[in-house]
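The values are calculated or read from the model by the stated rules, or taken from the named source; none is laboratory data. These numbers were taken from a predicted model, which means no experiment stands behind them. For neighbour counting, all protein chains shown are included, and Cβ atoms are generated from backbone atoms with ideal geometry for every residue, glycine included.
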Ligand SMILES: Nc1ncnc2c1ncn2[C@@H]1O[C@H](COP(=O)(O)OP(=O)(O)OP(=O)(O)O)[C@@H](O)[C@H]1O
Ligand SMILES: [Mg+2]
């Protein structure tokens, strides 16, 4: 079988050219990084869990009419997605204070926010993905005002969907990050949710116990990351067979 063309290798995923024009294959690695890759490890099975969980969330979004890049899962580690032009922003939605917001504003972690707060960070690893305002985004031309109106409404719809799905399985959606990209269809351009939605990109706390079920387990050395992600997958009914978590599938 012919070797596929690698387009990009990031910290958590590898992108390959897809089988049809306008598509790419996302391969989910087991690598975990935090604090802008200052902390690194390989967590066996993480890629499989994130692939399945991202499929689950993106599929649900597609079904309620929130457009995403997700087309179909190919195997335990890979999914076929629509290639898009990523807006260079991390779009963060917060329902409860945690992480950098707590630090920056001195609000105790876990405090419920008066309403969802949407923040934007400029995607640039060398700069540590700095927080930016809509003024920066407009002035530097990263996105238009129309784009930003659409970005905000997509982000809030994703928040409502994910909050509800998680609440149904006893998990609080504290915050999450998404990436959004542009696709062109004839003369039209539209925005779709891209990248991944997984416990790597969300803060998820058990409603009863407050136990963390997300990447903070790795960031703060709170135990087994695979156990935490498996618990999320188990509650959502997308748990892979054990052998599939531990054994990476062979790719060509
Ligand atoms: N549908 C898509 N089309 C094109 N690019 C995408 C799509 N979905 C995600 N990407 C990009 O693919 C890459 C995924 O790799 P990964 O998440 O490992 O990157 P990363 O190390 O976090 O780096 P980055 O800072 O670029 O996000 C990201 O750069 C992301 O923006
Ligand atoms: Mg990434």
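Residue check, residue 59 against (1) over 12 Å from residue 196 (Cα atoms); (2) without any contact (Cβ under 8 Å) to a residue 40 or more places away in the chain; (3) more than 13 Å from ligand 1 (Cβ to nearest atom), all met but one. Which one? So the condition that residue 59 fails would be (1). Yes or no: residue 178 more than 16 Å from ligand 2 (Cβ to nearest atom) and either within 18 Å of residue 58 (Cβ to Cβ) or out of contact with any strand residue (DSSP E or B) (no Cβ under 7 Å at 6 or more places or on another chain) (or both)? The answer is no for residue 178.
Picking from 10, 47, which residue would you name as being within 14 Å of ligand 1 (Cβ to nearest atom), at pLDDT 95 or above and touching a strand residue (DSSP E or B) at 6+ places or on another chain (Cβ under 7 Å)?
Every option except 47 fails the conditions.
Flag: residue 195 matches the condition of being within 18 Å of residue 26 (Cβ to Cβ) and touching a residue at least 60 places away in the same chain (Cβ under 8 Å). Whenever a residue of segment 223-252 is farther than 21 Å from residue 164 by Cβ, its partners that are at pLDDT below 95 and loosely packed, with under 12 Cβ neighbours inside 10 Å, lying with C-beta atoms within less than 6 angstrom and at least six residues away or across chains, give the pairs 252/1. One residue stands out in segment 202-218 among those that are buried (at least 21 other Cβ atoms within 10 Å of the Cβ) and under 15 Å from residue 163 (Cα atoms): the one that is farthest from ligand 2 (Cβ to nearest atom), namely 205.
In the set 80, 89, 53, which member is within 15 Å of ligand 2 (Cβ to nearest atom) and under 25 Å from residue 30 (Cβ atoms)?
Selected residue: 53, the only one of 80, 89, 53 that is within 15 Å of ligand 2 (Cβ to nearest atom) and under 25 Å from residue 30 (Cβ atoms).
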